[in-house]
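Here's the structure, in structure tokens; my notes come after.
Nothing in this text is a laboratory measurement; each read-out follows from the coordinates by a stated rule. Source: prediction; values computed, not measured. Glycine also receives a Cβ, built like all others from the backbone with ideal geometry; neighbour counts cover every protein chain displayed.
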Amino acid sequence: MAWFKRTDKGIKTATEEKKDTPDGLWFKTPKGNIIHTRELKNNSFVCPDDDYHVKIGSKEYFEILFDGNNFKELDKNMKSGDPLKFVDSKPYNARIEATIQKTELNDAVRTGVGKMNGFDIVISCMDFNFIGGSMGSVVGEKIARAIDYSLKNKIPFLMISKSGGARMMEAGFSLMQMAKTSAKLALLDKAGIPYISLLTDPTTGGVTASYAMLGDFNIAEPGALIGFAGPRVIRETIGKDLPKGFQSSEFVLEHGFLDFIIDRRQLKNRLTTLLKLLNN
Amino acid sequence: MLLEFEKPIADLELKLQEMKDLAKGRNIDLSADIQSLEDKIQILKKETFQNLTRWQRVQLSRHADRPYALDYIYEITNDFIEIHGDRTVKDDKAMIGGLGDIDGRTVMFVGQQKGRNTKQRQERNFGMANPEGYRKALRLMKMAEKFGKPIVTLIDTPGAFPGLEAEERGQGEAIAKNLREMFMLKVPVICIIIGEGASGGALGIAIGDKVFMLENTWYSVISPESCSSILWRSWDYKEQAAEALKLTASDMKKNALIDGIIEEPLGGAHKDMKNMAKTLKSTILEALKELDKVKPEKRIDQRIEKFCSMGVFED
């Protein structure tokens, strides 16, 4: 016999009624400590208590890496088309429009050209907020043009990946972006211009199987999920639970596919050291 | 094994056989009836196969009787020597390759291989290659480049294998490297989707100067089933997903994502394997003739240019 009776069964908030929590002043770390958001930002969005790397986007990475947050953005206004008139639970172009409104981003990657501790650098950085950081025509084209810029101006290229993989709504077009970006990287490789690929949480699918794994240096933030197939798919394939730490940065390093893991607070300086060593 | 839309045709064919047997056994003249039934079958076949839905083409691409890579290779070559192993881990039996000659010209073949029965299917891992398969493919392609032999890849995979060891050995890195390296191959590269062309697993051996699809195959970023399970959260929308993905040969050609379609015999490749192989062979020879005229550096530039022009966006 219950003490009281709930009249409504379960919690029934429809998806469209759910609200994003507004950015407050306080941040609760995974350990449960409450810290001021300014403190978090000053710590490169790494929780001071357990070094957990909070997921951030291009805006934050550019702030961290470009001197004085000064950079020139390339192809800022490029937007997605809808070549296949794709419709699932809603039409693709409506999804794109809604996502642009919500995220104030035009697609899942942004490119900036600027200086990092005085070194010229081209940085393309993915935004996971934009349809899971999925790679469609815009992502492929913007990365291709970023590499073109690197090639033309002989400036090192840094790619910061954060993506669930190829964007299904552009089907065959998305698939060919893997080819396009790899083609440009083949040219960069031939020209001998350094390409650093930074893999952040998460980097999976077609992104892992193209530009993210093609760096002269493949590096990652600690504790990121990195893989080709997603953990759920693998679990279903092998019919067993996955070992602890499977597909983490540390796991991928151990198996020889990363050059090193880097704490975000040291990212700018370590990258600078690397460029300096390549330059001298 | 018959697919749902093959059944009405098979029923009529059975009837035709009975009629022929009857005419022969009882020594009666049924030639007029036989002729009319034969005409009827032909019309039904045409109607059926010219109006296949996208999902039905996916089903045909996976037909249990469909010819696989090695079937075609043995059919179109005089000599063929299979080459094994990635020289690092093992020999991936889902990815095959070797040197063979077509009308006296040596070609390096690379392709995914499926199995015909349960035992073979397991051995071939259902045509799902591991990283060592992609590395074996690249080793063979580099060897072809060294000896100046053109490359023909035959693509037929439900995807790169999503297993635990595949992740440990760098499935993503293996495919990525193939993409980059294939762009720089100095020899002509012809890629043909002969069955299923699922995502990165297919693309990993599909960077070519000419990319063809057989008429009843599919090529996309994801299978209709997986697309259905992700976007509709159920496996039941695979037909809808197949429509949305626009994954058939004619869709892909229309969107300029492939270079050409290779026609199949009426009823599909499995209905007349010998003729299918003949068409495949003449397509390869014709493409080689065209590619031979272009200088290697130019071929590489054109290969890169072609893939770099793919994509739709507003600038």
Per residue of region B:182-196, in order, report the coupling 6.51 cos²θ - 1.76 cosθ + 1.60 (Karplus, θ = phi - 60°) as ³J(HN,Hα) in whole Hz, putting x for Gly and Pro. 5, 5, 9, 5, 7, 9, x, 10, 10, 10, 10, 7, 9, x, 9
In region B:216-260, trypsin sites (Lys or Arg not before Pro) in a DSSP loop with at most 14 other beta-carbon atoms within 10 Å: B:Arg233
When A:Thr181, B:Thr88 are ordered from fewest to most other Cβ atoms inside 10 Å of their Cβ, what list results? B:Thr88, A:Thr181
Set the bar at 29 Å for Cα to Cα. Now go through A:Lys180/B:Lys246; A:Lys90/B:Lys177; A:Lys162/B:Lys246; A:Lys76/A:Lys268 and name every pair that lies beyond it. A:Lys90/B:Lys177
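Using only alpha carbon pairs under 8 Å that are at least six residues apart, calculate the relative contact order of region B:58-309 and give it in whole percent. Write out the running numbers ahead of the final one.
Values: 511 pairs, mean separation 42.8, N = 252.
Over region B:58-309, the number comes to 17 percent.
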Where a ≥ b ≥ c are root eigenvalues of the Cα gyration tensor, a/c under 1.5 meaning rounded, otherwise prolate if a/b exceeds b/c and oblate otherwise, chain B counts as prolate
Checking the a/c ratio against 1.5 first, then a/b against b/c, what shape does the Cα gyration tensor give for region B:89-201? oblate
Residues with amide H under 5 Å of A:Val109's amide H, sequence separation 5 or more or different chain, H placed in the peptide plane at 1.01 Å from N; which? A:Asp127
Trypsin sites (Lys or Arg not before Pro) lying in DSSP loop within region A:126-213, provided at most 14 other Cβ fall within 10 Å: A:Lys154
Please give every one of the lysines within straight-line cross-link reach of B:Lys289, meaning a C-alpha to C-alpha distance under 18 Å, and leave out same-chain neighbours fewer than 8 residues apart. B:Lys149, B:Lys186, B:Lys210, B:Lys278, B:Lys281, B:Lys298
Please tell me the relative contact order of chain A in percent, rounded to the nearest whole number, where contacts are Cα pairs under 8 Å and at least six residues apart. 13 percent
Sequence gap at least 6, Cα distance under 8 Å: using those rules, report the relative contact order of region B:1-135 to the nearest whole percent. 17 percent
In region B:94-153, trypsin sites (Lys or Arg not before Pro) in a DSSP loop with at most 16 other beta-carbon atoms within 10 Å: B:Arg116
For region A:55-279, the fraction of alpha-carbon pairs in successive 10 Å shells from zero, as %: 8, 34, 37, 17, 4, 0
Between B:Ala10 and A:Phe217, what is the FRET efficiency for a Förster distance of 60 Å, r being their Cβ-Cβ separation, to the nearest 0.05? 0.55
Would you mind finding the longest exposed-site-free stretch of chain B, with exposed chymotrypsin sites (Phe, Trp or Tyr not before Pro) meaning DSSP loop and at most 16 other Cβ atoms within 10 Å? B:1-146
Prolate/oblate/rounded label for region B:4-51 (Cα gyration tensor, a/c 1.5): oblate
Note on region B:164-315, DSSP bridge orientation, antiparallel percent to nearest 5 equals 10 percent
If you split all Cα-Cα distances of the protein assembly as shown into 20 Å bins from zero, what percentages do you get per bin, shortest first? 19, 49, 24, 6, 1
Non-local residues with an amide H under 5 Å from the amide H of B:Ile222, with H modelled 1.01 Å from N and Pro and chain starts lacking one, are B:Ser199
Whole-Hz couplings from phi, Karplus 6.51/-1.76/1.60, listed for region B:88-98; x for Gly and Pro: 10, 10, 6, 9, 7, 7, 7, 10, 10, x, x
Taking the alpha-carbon centroid of each part, what is the distance from region B:113-159 to region A:42-112 in angstrom? 38 Å
Within straight cross-link reach of B:Lys24, meaning Cα distance under 15 Å, which aspartates and glutamates are found once same-chain residues fewer than 8 apart are removed? B:Asp33
In whole Hz, with x marking every Gly and Pro, tabulate ³J(HN,Hα) for region B:140-145 from phi via Karplus 6.51 cos²θ - 1.76 cosθ + 1.60, θ = phi - 60°. 5, 5, 5, 5, 4, 4
Once the other residues with Cβ under 15 Å from the Cβ of A:Gly223 are scored (Lys, Arg +1; Asp, Glu -1), what is the net sum? -2
